[in-house]
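Peer 1: Sharing a structure, written as structure tokens. Questions coming.
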Amino acid sequence: MLRINRNFQKLPGSYLFAETARRTKVYQREHPDLEVIRLGIGDVTQPLVPAVIEAMHKAVDEMGHAETFRGYGPDFGYDFLVDAIRQGDYASRGIDIAYDEVFVSDGAKCDVGNIQELFSDDALIAVTDPVYPVYVDSNAMAGRAGDWTGERWNRLLYLPCTAENGFVPPLPDREVDVIYLCYPNNPTGTVLTKDQLKPFVDWAREHGAIIVYDAAYRAYITTPGVPLSIYEVEGAREVAIECNSFSKTAGFTGTRCAYTVIPHEVTGLGADGERVSLNALWKRRMATKFNGVSYPVQRGAAAIYTPEGQRQIRETIDLYLGNAKVIREGLTARGFEVYGGVDAPYIWLRTPAGIDSWTFFDKLLAECQVVGTPGAGFGPSGEGYFRLTAFNSPEKTRQAIERLDRLSL
Ligand code: PLP
């Protein structure tokens, strides 16, 4: 009889968004005449831009003719997209990324979840807290997180990020092999400057660790000087893997396209203590388990790098950032302590004194019919905080904030 991977049995029950969805559904069933506004899940709402649609239509037509039909694509992405990424996201900022350091994929979630296959079973992992749950759960499934104590995993190192430390994670105070960083951050919406990121790169170089850097929200950075890529930090090529996505940059959450960069210099120890390139391992892994992103989707992704595409996606991002501003300012005017929302589509607020984050969720839903996400769902240091997202229409966002006047505090 098959013995299952027992690590799955250690995972705590209901996933955060399943629970918020369940509570929202119950509320709606009991109050069918009240309209609920969702500022909870981080999914985009605006359509794909015309440049993307046009490129995808053209590519679909090509697929309908024998002369231009394409079967399996290259394992790591078509040249036209890889080159557009290298030029548009890196060379334009003075960063040299080689052709075979870019891996096009169907999502940053898959990449940040799958990358741990390259680590030894006993690798020690550090995550910021609160955290995008995928880094934690994917390592828990592989047995690296230890046991769930009801609040935290006892083999993970949590790096707390709270208002008290300005949401700047402390450096690990013990040996770890991998540090997951996500900037702009989900869920706090905060960013790190180059000077704040540099100590992590230095620490990783000194301690033989690597950094998995999730830059899925890089397109939202508007503050001058905030790095869009970890490779803007000196030495990062030796220790950092960077995951990017077209999901939030260009509305590809349902279309699916992303990419990961692994410089040749990033290494781990092999069986005989020799240095092994993670780039080579990832090539092997992708060639074995992945068959590429569809041709029309890659054409669509490449179209965002054209001047027209850039202008169009900027408009959409600016719309979301406008919503973020409305939320931020609306909350501040109502006396809330508010973080993020300047270089990110996420706004992180402190729940009013004496109200924990799930109680605040219920209260916001019951009194304002607004759905957000309780901070506690993102890790122990998320307790006492709450996340709102800018991914709704400007009208609904404004309405949601006006409804806050109904909150009894
Ligand atoms: N990384 C972070 C930090 C995210 O918040 C998300 C989605 O919410 C993803 C990755 C997922 O990206 P993708 O849609 O490319 O899988």
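Peer 1: Kindly list the number of the only condition in (1) closer than 25 Å to N5 by Cα; (2) among the acidic types (D, E); (3) without any contact (Cβ under 8 Å) to a residue 12 or more places away in the chain that fails for E164.
Peer 2: (1)
Peer 1: Taking segment 34-70 as the search range and keeping residues that are of a type in the set (G, A, S) and open to solvent by less than 50 Å² (accessible area, probe 1.4 Å), which one is nearest to the ligand (Cβ to nearest atom)?
Peer 2: Our first condition is that a residue be of a type in the set (G, A, S); within segment 34-70, this holds for 40, 42, 51, 55, 59, 64, 66.
Keeping just the survivors that are open to solvent by less than 50 Å² (accessible area, probe 1.4 Å) gives 40, 42, 51, 55, 59.
Values: G40: 12, G42: 4, A51: 19, A55: 19, A59: 20 Å.
Residue satisfying both the conditions and the ranking: G42.
Peer 1: I would also like to ask the following. Among Y180, Y158, which is open to solvent by less than 20 Å² (accessible area, probe 1.4 Å) and either touching a residue at least 40 places away in the same chain (Cβ under 8 Å) or closer than 21 Å to L278 by Cβ (or both)?
Peer 2: Values: Y158 fails: open to solvent by less than 20 Å² (accessible area, probe 1.4 Å).
None of the other options fit; the residue is Y180.
Peer 1: Now, a different point. Considering only segment 294-381, give the helices (runs of 4 or more DSSP H) lying wholly within it that have at least 2 residues that are open to solvent by less than 10 Å² (accessible area, probe 1.4 Å) and without any contact (Cβ under 8 Å) to a residue 24 or more places away in the chain.
Peer 2: Numbers: elements: 295-303, 307-333, 357-368.
Those helices (runs of 4 or more DSSP H) do not exist here; none qualify.
Peer 1: Considering segment 72-125 alone, what residues qualify as being within 16 Å of the ligand (Cβ to nearest atom) and among the acidic types (D, E)?
Peer 2: Selection gives D89, D106, D111.
Peer 1: If you go through segment 254-271 one residue at a time, how many are of a type in the set (G, A, S) and within 11 Å of the ligand (Cβ to nearest atom)?
Peer 2: Start the filter on segment 254-271 by keeping residues that are of a type in the set (G, A, S), which leaves 254, 258, 268, 270-271.
Still in the running and within 11 Å of the ligand (Cβ to nearest atom): 254, 258.
Matching residues across segment 254-271 total 2.
Every residue, every condition in (1) within 16 Å of the ligand (Cβ to nearest atom); (2) closer than 29 Å to E238 by Cβ; (3) not assigned by TED's automatic domain parsing to the domain that holds N392, yes or no:
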{"site": "F252", "(1), (2), (3)": "yes, no, yes"}
{"site": "L281", "(1), (2), (3)": "no, yes, yes"}
{"site": "R284", "(1), (2), (3)": "no, yes, yes"}
{"site": "T288", "(1), (2), (3)": "no, yes, yes"}
{"site": "I313", "(1), (2), (3)": "yes, no, no"}
{"site": "I317", "(1), (2), (3)": "yes, no, no"}
{"site": "A324", "(1), (2), (3)": "yes, no, no"}
{"site": "G330", "(1), (2), (3)": "no, no, no"}
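Peer 1: Okay, moving on. Just checking, how many residues over segment 232-250 are near the ligand (Cβ under 9 Å from one of its atoms) and part of a helix (DSSP H, G or I)?
Peer 2: First, pick out the residues of segment 232-250 that are near the ligand (Cβ under 9 Å from one of its atoms): 243-248.
Next cut, part of a helix (DSSP H, G or I) only: 247-248.
Residues in segment 232-250 being near the ligand (Cβ under 9 Å from one of its atoms) and part of a helix (DSSP H, G or I): 2 in total.
Peer 1: Read through the list (1) outside the structural domain of N392 (by TED's automatic domain parsing); (2) open to solvent by 20 Å² or more (accessible area, probe 1.4 Å); (3) not charged (D, E, K, R), then give the number of the only condition that S105 fails.
Peer 2: Single failed check for S105: (2).
Peer 1: Hey, another quick one. Name the single residue that is least open to solvent (accessible area, probe 1.4 Å) among those in segment 382-396 being part of a helix (DSSP H, G or I) and closer than 18 Å to A344 by Cβ. Quick ask: steps written out before the conclusion?
Peer 2: Residues of segment 382-396 part of a helix (DSSP H, G or I): 382, 394-396.
Applying the additional criterion that residues be closer than 18 Å to A344 by Cβ yields 382, 394.
Values: G382: 0, P394: 34 Å².
Among them, the one singled out is G382.
Peer 1: Got at least one residue in segment 214-231 being free of Cβ contacts under 8 Å to residues at least 24 places away in the same chain and either closer than 19 Å to A91 by Cα or touching a strand residue (DSSP E or B) at 6+ places or on another chain (Cβ under 8 Å) (or both)? Write out each step before concluding.
Peer 2: Narrowing segment 214-231 to residues free of Cβ contacts under 8 Å to residues at least 24 places away in the same chain: 224.
From what's left, either closer than 19 Å to A91 by Cα or touching a strand residue (DSSP E or B) at 6+ places or on another chain (Cβ under 8 Å) (or both): 224.
Yes.
Peer 1: In this structure, does Y135 turn out to be buried (at least 24 other Cβ atoms within 10 Å of the Cβ), touching a helix residue (DSSP H, G or I) at 6+ places or on another chain (Cβ under 7 Å) and assigned to a helix (DSSP H, G or I)?
Peer 2: Details: buried (at least 24 other Cβ atoms within 10 Å of the Cβ): yes; touching a helix residue (DSSP H, G or I) at 6+ places or on another chain (Cβ under 7 Å): yes; assigned to a helix (DSSP H, G or I): yes.
Criteria met by Y135.
Peer 1: For a quick check of your reading of the model, give me the residue pairs whose first member lies in segment 237-253 and is touching a residue at least 24 places away in the same chain (Cβ under 8 Å), whose second is within 12 Å of the ligand (Cβ to nearest atom) and part of a helix (DSSP H, G or I), with beta-carbon atoms closer than 6 Å and at least 6 apart or on different chains.
Peer 2: If the second residue must be within 12 Å of the ligand (Cβ to nearest atom) and part of a helix (DSSP H, G or I), the pairs left are C243/A108; C243/D111; C243/V112; S245/A108; F246/A301; T253/S247.
Peer 1: Condition first: open to solvent by 10 Å² or more (accessible area, probe 1.4 Å) and not in a helix (DSSP H, G or I). Now tell me which residues in segment 187-209 satisfy that. Steps first, please.
Peer 2: Step one: filter segment 187-209 for residues open to solvent by 10 Å² or more (accessible area, probe 1.4 Å), giving 190-191, 193-196, 198-199, 202-203, 205-208.
Correct list: T190, V191, T193, G208.
Peer 1: Which condition number in (1) within 24 Å of E395 (Cβ to Cβ); (2) over 22 Å from the mean Cα position of the chain (by Cα); (3) modelled with pLDDT under 95 is the one that I41 fails?
Peer 2: (2)
Peer 1: With respect to the numbered conditions (1) more than 25 Å from P374 (Cα to Cα); (2) open to solvent by 60 Å² or more (accessible area, probe 1.4 Å); (3) in a helix (DSSP H, G or I), which one is the sole condition not fulfilled by A91?
Peer 2: Result: A91 fails condition (2) only.
The values are calculated or read from the model by the stated rules, or taken from the named source; none is laboratory data. Since the structure is predicted, the reported quantities are computational estimates derived from the model, not experimental observations. Here the Cβ is made from the backbone with ideal geometry for all residues, glycine too, and neighbour counts use every protein chain on show. Note: accessible area is taken over every heavy atom of the protein model, side chains too, but ligands, DNA and RNA are not part of it. Shrake-Rupley method; radii C 1.70, N 1.55, O 1.52, S 1.80 Å.
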